[in-house]
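Okay, structure first, notes after.
Every number here is computed from the coordinates shown, using simple stated rules; none is lab data. On a predicted model such as this, the values are computed, not experimentally measured, just so you know. No Cβ is skipped: glycine too gets one built from the backbone with ideal geometry, and neighbour counts run over all protein chains shown.
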Amino acid sequence: MHSTTIICNCKQVTFGMVEEAMHHHDDLNDVVQLFEEVQKETHCSTGCGGCHDKILDAIADLLHQR
Ligand code: FES
């Protein structure tokens, strides 16, 4: 996925922003915990919530790339 691809339309959060937020929590390996931290930082998935699974998938993918 490209870093400028928007994965949360409501909050205009890009894949790159999720990746960036994850770097601030390098110590976390739990997808759900990471999701919560990324959400706090980017406010992704705080609108309609329709992007929830997309964001979880992106986090899981990024986690495997580490
Ligand atoms: S698309 Fe992310 S909250 Fe609606």
Exercise. For the chain, what value does the Rg/Rh ratio take when both radii are computed over Cα atoms and Rh is the Kirkwood radius, given to two decimals?
Worked result: 0.91
Exercise. Relative to the longest principal Cα axis of the chain, at what angle does helix 52-65 sit, 0 to 90 degrees, rounded to 10?
Worked result: 30 degrees
For this session: Evaluate the distance, in nm, between pseudo-label points positioned 7 Å from the Cα of His25 and of Lys40 along their respective Cα→Cβ axes.
Result: 0.7 nm
